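Structure first, then comments.
The values are calculated or read from the model by the stated rules, or taken from the named source; none is laboratory data. Small disclaimer: the values here were computed from a predicted structure and weren't measured. Ideal geometry is used to build each Cβ from the backbone, glycine not excepted, and the neighbour counts take in all protein chains shown.
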Amino acid sequence: MRNSIKYISLNVVASAMLVSVILAGCGEADPENAGNHKPDVNIVQHNRTIKVGEVFNLDGVAIDVDGDALTYKWKFVSKPLGSSATLTTDTTKKATFQTDKVGKYVIQFVAKDIVDAIGKDTITITAKSNVAASNGCTQYTEISGVITTDTTYNGCYKVIGDISVNNNALLTIEQGSTLVFQESTTLRVNREGALKAVGTINKPILFTGEQETAGFWEGLRFSYSNNVKNQLEYVTVEYGGGNGYANLLLDASSGNPCRIKVSNSTLQHSSKDGFWFDEGSIVSSFNNVISTKNSQSAGTLYASTLDGLDASSKFTGNSKDYITLKRSILSKDTTWKKLDVPVLAAGDISINKSLEMEAGSRFVFNAGTTFTVHSAGSLTAKGTKGNPILFTGEQKTAGFWQGLRFSYSNNVKNQLEYVTVEYGGGNGYANLLLDASSGNPCRIKVSNSTLQHSSKDGFWFDEGSIVSSFNNVISTKNSQSAGTLYASTLDGLDASSKFTGNSKDYITLKRSILSKDTTWKKLDVPVLAAGDISINKSLEMEAGSRFVFNAGTTFTVHSAGSLTAKGTKGNPILFTGEQKTAGFWQGLRFSYSNNLKNQLEYVTVEYGGGNGYANLLLDASPGNLCRIKVNSSIFQHGSKYGIWLDNGSITNNDIITSNSLIDNASGTIKIKN
């Protein structure tokens, strides 16, 4: 009896000591309420790593040294993307939740006293991917044939011949069951049937080959089965692919859809892909799937099915660590999510609906393929500084693939932000092509992006393109120029972008007509006029702008247009020839433009005169006046005069004395009466 009394006494003492230790560490002063203390709060469990699908129990401890009554609150601070995990209770000291996605679950326990002073503690539970099921069977029931009524398999089975599920029959595979397939056999779910194989984390379902050889059996095949009951959960499919496609094949077409839900499953050791979803497949969900150790890629699918995949699944460890995207047309509004491997475009991809891409998405293109956003489609590709979006070639060779093409897509959603496009240009134009015309505009916004290693230009914007913004873009290491565009699009570029490091460090300006009032900004490279430029609206040029002209080209300000080119002493504006030869280009011409805005200040015009007149020509008549103010400018190295003023020209009186006219073959100035 006395020994029992001593034992109880020791426990009482120990408990008292524990309470004393706890009390000694709690009761932090509440700065908002003098004399009050915050509750001392702890979560009993420590940070843990568990499996997806596992239930985790939480216990909170809260003590208030002031003796105040407390209220309690559990909450998720953060969960993995797409998780719908919930706490079974959130207002008591205990809570429970079940992980449903790979990643970190941060949970907080809060206790609050009567004056709203709070104490809190936080725990992080990390859920990892499930491992594949293993075969623990020693005896089997042999099965084969056609299933025409609802059937359930529960246990260990050897498939000695093909199994077909027909006639609206439902084949149910119970948790923990194993099906071992003999050589070249398959389980086929036809359009009238359905397969429901739902295991648990502790009792997964296994479909495997009698021999552990990739391609030993054909695999699971759903053939035009558009049945909402089709489901694989906690299932492993392995050593298939003998069908020439994959362990898991959805056999479908646009007119014959095939539907499935897959979660918490493993597809491995296929002689082909882990999965193959034909065009017309409907993947209701595809979460926390591991597709690995397959002889080709993790999986193959089409544009309208790619949205079924997300970051909860793992696709590494295959011979080719890609998701293969077949030649296809996107026919629904959707979002393509970031995956842990790139998407390999094995054929041309056409976008006919609204498409968004998550930050960090990566796309790799086969030789000669293209990615085209058509008139009915749009592309919003917004990466981040630390998580850009990539479009690249499977081989790192300039022109290996055609490039990113927007074809008559006049959609305000078109946007590239923190995007890299590289190794394109096989279309004969550029990494980024806006295919447009005056009657079929094409619209885009581009920022914080890189266009590089094109076999042609970095970008090409057709006449009719609308570049809403083009900021902080790097176009470099391209085999021609940084970019090509037309007069009405040049205002989209500014000094925030970098255009150096190309074979020709220019922005190429095609023969075109300026048809809107605008300002052309100073760039870090000259603008090369590859054809005649006509100004039919009001144009201003920023100080420091530089224009280089191809042989025989001209820059003409017409009667409806005006030019205000005001440089500074330290930052003049330049008009010059691509070759430093007198008369190489025609020169700067004002044709019947009687506009007060016409002004040249701190401007150099040189190597012109190929028009037979001068570096600067005022084309006028008494009935068609032409007006300009010119000062602090240089007109030099012309094959004719420095300046030619037709009868009907109106200029400042000091045009000769306030400017420099140097080395012009026919003289300084010609005034025609």
For region 112-141, how many residues meet the condition of being loosely packed, with under 13 Cβ neighbours inside 10 Å, hydroxyl-bearing (Ser, Thr, Tyr) and touching a residue at least 24 places away in the same chain (Cβ under 8 Å)?
-> 1
Does LYS75 meet the test of being within 30 Å of VAL41 (Cβ to Cβ) and surrounded by 16 or more Cβ atoms within 10 Å (Cβ to Cβ)?
-> no
Check on SER666, under 15 Å from GLY587 (Cβ atoms) and surrounded by fewer than 17 Cβ atoms within 10 Å (Cβ to Cβ) = yes
Working only within region 288-337, note down all residues that are among the charged types (D, E, K, R) and touching a Lys or Arg at 6+ places or on another chain (Cβ under 8 Å).
-> ASP307, ASP310, LYS332, ASP333
Any strands (runs of 3 or more DSSP E) falling wholly within region 538-630 and containing at least 1 residues that are touching a Gly at 6+ places or on another chain (Cβ under 7 Å) and not assigned by TED's automatic domain parsing to the domain that holds LEU523 = none
Which one of THR316, THR305, THR324, THR335 is in contact with a helix residue (DSSP H, G or I) (Cβ under 7 Å, 6 or more places away or on another chain), within 30 Å of LYS128 (Cα to Cα) and either in a loop (DSSP other than H, G, I, E, B) or hydroxyl-bearing (Ser, Thr, Tyr) (or both)?
-> THR335
Which one of ASP116, ASP90 is over 30 Å from SER285 (Cα atoms) and modelled with pLDDT under 95?
-> ASP116
Filtered residues of region 266-280 (kept if touching a Ser or Thr at 6+ places or on another chain (Cβ under 7 Å) and closer than 19 Å to PHE207 by Cβ) | THR266, LEU267, GLN268, SER270, SER271, LYS272, ASP273, GLY274, PHE275, TRP276, PHE277
Could you tell me whether any residue of region 436-456 is of a type in the set (Val, Ile, Thr) and over 19 Å from the mean Cα position of the chain (by Cα)?
-> no
Sort out for me the strands (runs of 3 or more DSSP E) sitting completely within region 201-256 that have 2 or more residues that are outside the structural domain of SER295 (by TED's automatic domain parsing).
-> none
When the residues of region 158-189 are filtered to those that are within 16 Å of TYR239 (Cα to Cα), surrounded by fewer than 21 Cβ atoms within 10 Å (Cβ to Cβ) and among the polar types (S, T, N, Q), which remaining residue is nearest to the chain's Cα centre (by Cα)?
-> THR186
Would you be able to say whether some residue in region 415-435 is hydroxyl-bearing (Ser, Thr, Tyr), at pLDDT 95 or above, touching a strand residue (DSSP E or B) at 6+ places or on another chain (Cβ under 6 Å) and surrounded by fewer than 22 Cβ atoms within 10 Å (Cβ to Cβ)?
-> yes
Give ASN36, ASN57, ASN47 a once-over and let me know the one that is modelled with pLDDT of 90 or more, farther than 18 Å from ILE201 by Cβ, out of contact with any Gly (no Cβ under 8 Å at 6 or more places or on another chain) and polar (S, T, N, Q).
-> ASN47
How about region 99-157: which of its residues are under 30 Å from PRO31 (Cβ atoms), hydrophobic (A, V, I, L, M, F, W, C) and not in a loop (DSSP other than H, G, I, E, B)?
-> VAL106, ILE107, PHE109, VAL110, ALA111, ILE118, ILE123
Does ASN247 satisfy the condition of being surrounded by 24 or more Cβ atoms within 10 Å (Cβ to Cβ), among the polar types (S, T, N, Q) and under 16 Å from PHE181 (Cα atoms)?
-> yes
Keeping to region 88-108, report how many residues are touching a Ser or Thr at 6+ places or on another chain (Cβ under 8 Å) and farther than 26 Å from LYS337 by Cβ.
-> 6
Test result for PHE363, touching a Cys at 6+ places or on another chain (Cβ under 8 Å) and outside any loop (DSSP other than H, G, I, E, B) = no
Inside region 455-476, the number of residues satisfying the requirement of being assigned to a loop (DSSP other than H, G, I, E, B) and surrounded by fewer than 18 Cβ atoms within 10 Å (Cβ to Cβ) is 1
How about region 379-423: which of its residues are over 13 Å from the mean Cα position of the chain (by Cα) and of a type in the set (Gly, Ala, Ser)?
-> GLY393, ALA398, GLY399, GLY403, SER407, SER409
Can you find a residue in region 384-393 that is touching a Phe, Trp or Tyr at 6+ places or on another chain (Cβ under 9 Å) and of a type in the set (D, E, K, R)?
-> yes
Complete set of residues in region 453-474 that are touching a residue at least 40 places away in the same chain (Cβ under 8 Å) and on the phi < 0 side of the Ramachandran plot = SER454, SER455, LYS456, ASP457, GLY458, GLU463, ILE466, SER468
Residue in region 303-311 that is modelled with pLDDT of 95 or more, acidic (Asp, Glu) and farther than 15 Å from THR392 by Cβ present | yes
GLY501 fails exactly one of (1) surrounded by fewer than 17 Cβ atoms within 10 Å (Cβ to Cβ); (2) assigned by TED's automatic domain parsing to the domain that holds ASN647; (3) more than 28 Å from LYS640 (Cα to Cα); (4) of a type outside the set (A, V, I, L, M), namely (2)
Given (1) touching a strand residue (DSSP E or B) at 6+ places or on another chain (Cβ under 7 Å); (2) surrounded by 19 or more Cβ atoms within 10 Å (Cβ to Cβ); (3) assigned to a loop (DSSP other than H, G, I, E, B), number of the condition ASN652 does not satisfy | (2)
